[in-house]
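The values are calculated or read from the model by the stated rules, or taken from the named source; none is laboratory data. Remember, it's a predicted structure, so these values are computed and weren't measured experimentally. Don't worry about glycine lacking a Cβ; one is built from the backbone with ideal geometry, like all the others, and counts go over all protein chains shown. For the accessible areas, the whole protein counts, side chains as well, though only heavy atoms, and no ligand, DNA or RNA atoms are used. Shrake-Rupley method; radii C 1.70, N 1.55, O 1.52, S 1.80 Å.
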Amino acid sequence: MEPSEENIASSEQPGVPNASLLGGLAQAAKSSIADPKTIPTRDYLDSTVVPLLLDGLAQLSQERPNDPIDWLIAYLTKNKPKN
């Protein structure tokens, strides 16, 4: 028996937030970014640091420099968004 869309949408796994909850948190993070202290830590990091850090780590894994910490510092500094 194949699961229907209704069953998939209503099924919840313990410890796994549903998509509507995650969407709401992301929206709250974007609307509150003016005061980062008002949003949960995970949302703050996901909306500010994580995208650039993941890009930097992907590049780092390809380049494999002798001093990866200094390389990552330089990458983050060079590519940080202008505010």
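Say whether the condition of being modelled with pLDDT under 95 and open to solvent by 80 Å² or more (accessible area, probe 1.4 Å) is met by at least one residue in the range 71-81. Yes; the residues of the range 71-81 include at least one that is modelled with pLDDT under 95 and open to solvent by 80 Å² or more (accessible area, probe 1.4 Å). For first residues located in the range 51-76 and free of Cβ contacts under 8 Å to residues at least 12 places away in the same chain, partners that are open to solvent by 90 Å² or more (accessible area, probe 1.4 Å) and lie 6+ apart or on another chain with Cβ distances below 8 Å form the pairs 71/63.
Of the residues making up the range 10-68, those that are more than 26 Å from residue 83 (Cα to Cα), at pLDDT 95 or above, not charged (D, E, K, R) and not in a loop (DSSP other than H, G, I, E, B) number 3.
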